[in-house]
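A.B. asks: Starting off with a structure, shown below.
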Amino acid sequence: MRSVNNAVAALGVVTTVAAICPAALEAQVVRVEVEERVPFAGGHAFAETGPYEKIVGRLYIEVDPHDPANARVSDLGLAPTNDRGRVEVWTDFFLLKPVDPGRGNGRLLYDVANRGNKVALGTFNGGGGNDPTTLDDAGDGFLMEEGYSVLWSGWSGDVLAGNDRVQIGVPVARNADGSSIIGRIYAEMESTVYGLYIANVIEPGSDAATRRYHSLPFDWGSSRPYPSVSLDNSRATLVKRPSRDAMGLEIPRDEWSFGRAENGAVVPDPSWVYLDEGFEPGWLYDLVYEGKDPRVTGLGLAATRDVISFFRYGSDAEGPRANPLAGAVEYAYGYGGSQSGRFLHHFTYEGFNADLDGRFVFDAIMPHVAGSGKGIFSHRFGQTTRHGSHHEETLYPSDFFPFNSVHQVDPVTGASGSMLDRARASGHVPRIFFTQTSTEYWSRAASLLHTDVEGTVDAELDPSVRIYMIAGTAHNSMTGGVYQSPVNRASTRPVMRALLVALDRWVADGVEPPESRYPRIDDGTLVDLAAFRAGWPAIPGALAPEDYYQPFRLDPGPRWGSEGVADHVPPRIGPTFRTLVPAVDADGNEVAGIRLPHVAVPLATYTGWNLRDDSWGAGGMLTRWMGSYLAFPRTEAERSGLQDPRRSVQERYPTHEAYVDAVERVCRELMERGYLLEQDVAVLIREAAQRAW
């Protein structure tokens, strides 16, 4: 299974290339500080690769604000420079690598940290944690047995310290005279107990669900918000509405303040809003206020480029720029889930896949569960954690034209282009696997990756791109999902492992990967809401959605695209892009995509969407990341009593052996087509055999 193509010989070539081109390193990583270097997993030997070590430290980077390669970093020219005229950045790094690099596979897998959190081990191994140290953290050891070096570093200047999150230190932009830059900032707030529902801590309809909180912070996702420049709210506005399409009601300034509730008192706080009447659960609150000192957020893009270039090409084995992977990397792959997948999409779109010496940064990337989105990753007062969805945050421009990997035109605005234009111009287009769950079609506009912006025709794909939808899975199933019960085993992990192997073979050996599998307009598997609702079975108590996410064409102003500066705060709203959703069969299961046994040999209906409970204050709205599990009736008598249109389990599978045989046939077909590995086929068959009947 491992793809070690004479890695030792190939690594010598990498070292030679790096030695010929040292100048770029002088402009990137200038110092490495190793804080910890210890055995990983207690020195456990992983198959042919042997033991691993954990190396934790910090990289110090200098960025040239005049280099054209950095031109897409907004406000870089307003950042302070050192005596060499360079902008200084530091980033944490966390590396797991084979103790003997010659026993590895010569591949570097870079996991784009999600809000500072490490995700890849959960996605591929079933282990994880923010400080992976033990054998349990390695899960089943898949990546280690394959021989990968796995790397994390900081990229988002918004990330709060704590919980072993990787961070980056970026400077603040200032006016030419050294004074603070002050600007208007938009922050959406919503009072929900969403996270508690996912963790099954409270039940819908409980007191906690309907409680009115009197103060909320205006950050999101472990981020550092920009505080108000003043506790005086006379230059700020607060507007509330039950949904984005409803008329907003401005709240009088004497009824709210910048502050938080604490022990029965209101404590002034420039990063919180205190509301006398309390926040309506599920309602949207639009705050516009003045903040100052914007971080040069786009340096996260440049730093990621420079970090990967250093670990991939840096040849120094000792000294201030000692590279722990010197001579050990033949190919580099980027993986990112959710926000991190959007980062990889945006990274490629902005043209950062060429290092300062014109070499490839990533040979391939895997943006996972990112929908069609990019992000607010190089913009003044950018909020990198924010992204649009059906109900929340629809005024954050995370989903913007162009979406396709080939040339397209927006007939409304007249804009044209593709997400690969800059990468093509430089000659650094990576191989790309876009992988999605069903949720991304409902809540993250995934269809825009492969249709026109009006949702009328399928678009072509660039030869470097493949798209895979894993049918009947939900956004949070990328790592198993906290809501996954022992019955609801709809994890994406088996497919992701097989696709990583396929991606590596495509890059290293030129072996064509499995064909794309996603819903399409031309075969009727990608449909509008009316067609979906017409095909949805009348499952008792399971209403079909009445709406889903269709991103607005947002206009933050004339400087947004070129300088990353918003002049319209919040942005002006234009017509929506038209998105589509996967069609379903008579059971309510999706007919397109990679159909794992839970969908192809079903015991239930699996969806990528879930409706909010009315107690959330926004009835009929989709939750952001959750799916649904709707079990089939067990017997014909149960089906008749429930008046369920779906066939019972008894009717489908006369014996348990018949069910297991059907699972095995599906698994082996998927394996033959490259969507499953043999080891995971065995696991899925064993789970089917052990499943209660």
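The values are calculated or read from the model by the stated rules, or taken from the named source; none is laboratory data. All figures in this text were calculated on a predicted structure; none of them were measured in a lab. Ideal geometry is used to build each Cβ from the backbone, glycine not excepted, and the neighbour counts take in all protein chains shown.
A.B. asks: I'm told Arg305 meets every condition in (1) in contact with a strand residue (DSSP E or B) (Cβ under 7 Å, 6 or more places away or on another chain); (2) under 23 Å from Asp75 (Cα atoms) except one. Can you identify the failing condition by its number?
C.D. replies: (1) is the only condition that Arg305 fails.
A.B. asks: Then there's this: I'm checking my understanding of the structure. Among residues of region 83-118 that are acidic (Asp, Glu) and within 21 Å of the chain's Cα centre (by Cα), which one is surrounded by the fewest Cβ atoms within 10 Å (Cβ to Cβ)?
C.D. replies: Residues of region 83-118 acidic (Asp, Glu): 83, 88, 92, 100, 111.
Subsequent filtering for residues that are within 21 Å of the chain's Cα centre (by Cα) retains 92, 111.
Values: Asp92: 21, Asp111: 26.
If we take residues in region 83-118 being acidic (Asp, Glu) and within 21 Å of the chain's Cα centre (by Cα), then Asp92 is surrounded by the fewest Cβ atoms within 10 Å (Cβ to Cβ).
Table: residues versus (1) in the same structural domain as Gly154 (by TED's automatic domain parsing); (2) within 25 Å of Glu188 (Cα to Cα); (3) of a type in the set (A, V, I, L, M, F, W, C).
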residue: Gly282; (1), (2), (3): no, yes, no
residue: Tyr285; (1), (2), (3): no, yes, no
residue: Phe311; (1), (2), (3): yes, no, yes
residue: Gly334; (1), (2), (3): yes, no, no
residue: Ser340; (1), (2), (3): yes, yes, no
residue: Val361; (1), (2), (3): yes, no, yes
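A.B. asks: State the number of residues belonging to region 619-654 that are of a type in the set (A, V, I, L, M) and in contact with a strand residue (DSSP E or B) (Cβ under 9 Å, 6 or more places away or on another chain).
C.D. replies: Total meeting the criteria: 5.
A.B. asks: Could you please tell me which pairs satisfy a Cβ distance under 6 Å, a separation of 6+ or placement on different chains, a first residue in region 250-275 that is assigned to a loop (DSSP other than H, G, I, E, B), and a second residue that is aromatic (Phe, Trp, Tyr) and at pLDDT 95 or above?
C.D. replies: Pro270/Phe258
A.B. asks: Follow-up question, since we're still on this one. When region 276-300 is examined, which residues are found to be modelled with pLDDT of 95 or more, crowded, with 23+ Cβ neighbours inside 10 Å and not in a strand (DSSP E or B)?
C.D. replies: Result: Pro294, Val296, Thr297, Gly298, Leu299, Gly300.
A.B. asks: A follow-up question, please. Ala246: crowded, with 16+ Cβ neighbours inside 10 Å and either not in a loop (DSSP other than H, G, I, E, B) or not basic (Lys, Arg) (or both), yes or no?
C.D. replies: Details: crowded, with 16+ Cβ neighbours inside 10 Å: no; either not in a loop (DSSP other than H, G, I, E, B) or not basic (Lys, Arg) (or both): yes.
Against the criterion (crowded, with 16+ Cβ neighbours inside 10 Å and either not in a loop (DSSP other than H, G, I, E, B) or not basic (Lys, Arg) (or both)), Ala246 does not qualify.
A.B. asks: Hey, can you tell me all the residues within region 266-295 that are among the charged types (D, E, K, R) and touching a helix residue (DSSP H, G or I) at 6+ places or on another chain (Cβ under 8 Å)?
C.D. replies: If the condition is that a residue be among the charged types (D, E, K, R) and touching a helix residue (DSSP H, G or I) at 6+ places or on another chain (Cβ under 8 Å), then Asp276, Glu277, Glu290 are the ones that fit.
A.B. asks: Could you say which residue among Leu461, Leu420 is buried (at least 20 other Cβ atoms within 10 Å of the Cβ), more than 15 Å from the chain's Cα centre (by Cα), among the aliphatic types (A, V, I, L, M) and at pLDDT 95 or above?
C.D. replies: Leu420
A.B. asks: Still on this structure, I have one more. Could you check region 122-142 and list, in sequence order, the residues that are without any contact (Cβ under 8 Å) to a residue 40 or more places away in the chain, in contact with a Leu (Cβ under 7 Å, 6 or more places away or on another chain) and not in a loop (DSSP other than H, G, I, E, B)?
C.D. replies: Of all residues in region 122-142, those without any contact (Cβ under 8 Å) to a residue 40 or more places away in the chain come to 125, 127, 129-131, 136, 139-140.
In the following step, the residues that additionally are in contact with a Leu (Cβ under 7 Å, 6 or more places away or on another chain) were identified as 125, 127, 139.
Asn125 - this is the single residue of region 122-142 that is without any contact (Cβ under 8 Å) to a residue 40 or more places away in the chain, in contact with a Leu (Cβ under 7 Å, 6 or more places away or on another chain) and not in a loop (DSSP other than H, G, I, E, B).
A.B. asks: A follow-up question, please. Quick one: how many residues across region 351-399 are in a strand (DSSP E or B), under 30 Å from Pro545 (Cα atoms) and in contact with a Lys or Arg (Cβ under 8 Å, 6 or more places away or on another chain)?
C.D. replies: Qualifying residue count, region 351-399: 1.
A.B. asks: Here is a follow-up. For the subset of region 476-505 comprising residues that are among the hydroxyl-bearing types (Ser, Thr, Tyr) and more than 11 Å from Thr437 (Cα to Cα), which member is modelled with the lowest pLDDT?
C.D. replies: Applying the first criterion (among the hydroxyl-bearing types (Ser, Thr, Tyr)) to region 476-505 yields 477, 479, 483, 485, 491-492.
Retained after the next criterion (residues that are more than 11 Å from Thr437 (Cα to Cα)): 479, 483, 485.
Details: Thr479: 45, Tyr483: 32, Ser485: 39.
Applying the filter and picking the extreme gives Tyr483.
A.B. asks: In region 535-614, which strands (runs of 3 or more DSSP E) lie fully inside it and hold 2 or more residues that are surrounded by fewer than 19 Cβ atoms within 10 Å (Cβ to Cβ) and at pLDDT 95 or above? Even if it seems obvious, please write down each step before you answer.
C.D. replies: On the way: elements: 552-555, 572-576, 604-607.
The strands (runs of 3 or more DSSP E) meeting that bar are 572-576.
A.B. asks: How many of the residues in region 398-428 are touching a strand residue (DSSP E or B) at 6+ places or on another chain (Cβ under 9 Å) and farther than 25 Å from Gly574 by Cβ?
C.D. replies: Qualifying residue count, region 398-428: 4.
A.B. asks: Consider region 353-370. How many of its residues are under 18 Å from the mean Cα position of the chain (by Cα) and of a type outside the set (Val, Ile, Thr)?
C.D. replies: 6
A.B. asks: Does any residue of region 310-322 turn out to be modelled with pLDDT of 95 or more and either assigned to a loop (DSSP other than H, G, I, E, B) or under 22 Å from the mean Cα position of the chain (by Cα) (or both)?
C.D. replies: So far as region 310-322 goes, no, none of its residues is modelled with pLDDT of 95 or more and either assigned to a loop (DSSP other than H, G, I, E, B) or under 22 Å from the mean Cα position of the chain (by Cα) (or both).
A.B. asks: Cβ-Cβ below 8 Å, separation at least six or inter-chain, first residue in region 76-96 and in contact (Cβ under 8 Å) with a residue 24 or more places away in the chain, second surrounded by 19 or more Cβ atoms within 10 Å (Cβ to Cβ) and acidic (Asp, Glu): which pairs?
C.D. replies: Once the first residue is in contact (Cβ under 8 Å) with a residue 24 or more places away in the chain and sits in region 76-96, its partners that are surrounded by 19 or more Cβ atoms within 10 Å (Cβ to Cβ) and acidic (Asp, Glu) give Arg86/Glu62; Val87/Glu62; Glu88/Glu62; Val89/Glu62.
A.B. asks: Something else about it: Residue check: is Val89 at pLDDT 95 or above and closer than 22 Å to Phe343 by Cα? First the steps, then the outcome.
C.D. replies: Details: at pLDDT 95 or above: yes; closer than 22 Å to Phe343 by Cα: yes.
So Val89 fits the description; yes.
A.B. asks: For region 616-632, what are the residues that are over 27 Å from Met496 (Cα atoms) and buried (at least 20 other Cβ atoms within 10 Å of the Cβ)?
C.D. replies: Of all residues in region 616-632, those over 27 Å from Met496 (Cα atoms) come to 616-621, 632.
Trp616, Gly617, Ala618, Met621, Phe632 - these are the residues of region 616-632 that are over 27 Å from Met496 (Cα atoms) and buried (at least 20 other Cβ atoms within 10 Å of the Cβ).
A.B. asks: Turning to a different aspect of this structure: Go through (1) farther than 30 Å from Ser389 by Cα; (2) in the same structural domain as Ala542 (by TED's automatic domain parsing); (3) aliphatic (A, V, I, L, M) one by one and return the number of the condition Val649 breaks.
C.D. replies: (2)
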